[in-house]
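The values are calculated or read from the model by the stated rules, or taken from the named source; none is laboratory data. In this text, all values refer to a predicted model and were calculated from it rather than measured experimentally. Quick reminder, even Gly has a Cβ in these numbers, built from the backbone with ideal geometry, and neighbours come from all protein chains shown. In case anyone asks, the SASA skips ligands and DNA or RNA and just uses the protein heavy atoms, side chains included. Shrake-Rupley method; radii C 1.70, N 1.55, O 1.52, S 1.80 Å.
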Amino acid sequence: MNAVPEKEDEYNDEYNEIAKNQTVKKEVVRGIKFALFSASAGVIEITVFSLLNELTNLRYWLCYLIALIMSVLWNFTLNRRYTFRSADNVSSAMLKTFGFYCVFTPASTLLGNHLADTLLWNEYLVTIIIMLSNFVLEFLYDRFYVFRNTIDTNNLARKKK
């Protein structure tokens, strides 16, 4: 057989391996960014929840809901710009995110209210458990649905290339 195609195949395999490693590295960095921004949103959520829970007579569900809305706005803004670096229309991306929260919010509010008010679980434990589930579910939803076709398309991503 001709040795040239084998060399070419070796180069292609090596190139594909390098590209695969760069993609994996990029996704790990994206996951770390998402985790850090989500942690900052978590600080906002737990702070707002704590203030409302301790300083008002609001029920668990209302404290949670107000805190969740504030953290979602913060998290969406940062992750859209810096984690997914998307140039997608803000309204379109926000509408997709809103869709996620149309399902997640009632489900987590009802579950949290049941755990905190009916089963008498600690409100902070309930909030942290729900925040962790939100973190995982929202990353997957954002990565594979909201920003799927617009990752690395904003000015920050173009400057880095």
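For the chain, what are the DSSP H helices with axial Cα length of 30 Å or more and mean Kyte-Doolittle hydropathy of at least 0.0?
Membrane-span-like by this criterion, though nothing is claimed about a membrane: 90-113.
I'd like to compare 19-29, 34-44: which one has the highest average count of other Cβ atoms within 10 Å, and what's the full order after that?
34-44, 19-29
Per residue, how much accessible area does the chain show when a 1.4 Å probe rolls over the protein heavy atoms, in square angstrom?
64 Å²
Given an 8 Å cut-off on Cα distances and at least 6 residues of separation, report the relative contact order of the chain as a percent.
This gives 27 percent for the chain.
Of the GluC sites (Glu not before Pro) in the stretch 54-160, which ones lie in a loop per DSSP and count no more than 15 other C-beta atoms within 10 Å?
Passing sites in the stretch 54-160 do not exist.
Stretched out fully, how many nm does the piece from Ile32 to Arg158 gain, at 0.36 nm a residue minus the Cα gap?
43.3 nm
For mean projected area of the Cα convex hull in nm², which listed value, [x] 11.4; [y] 12.7; [z] 8.9, comes from the coordinates shown?
[y]
Answer with one residue from Leu119, Leu156, Val72: the one whose Cα lies farthest towards the positive end of the charge dipole of the chain, charges on Cβ with Lys, Arg +1 and Asp, Glu -1.
Result: Leu156.
Report in % the part of the accessible area of the chain that belongs to carbon and sulfur, leaving out ligands and nucleic acids; probe 1.4 Å.
66 percent
Along the charge dipole of the stretch 28-161, pointing to its positive end and built from +1/-1 on Cβ of Lys, Arg, Asp and Glu, which listed residue (Tyr145, Leu62, Phe104) has its Cα farthest out?
The one lying farthest along the dipole's positive direction is Tyr145.
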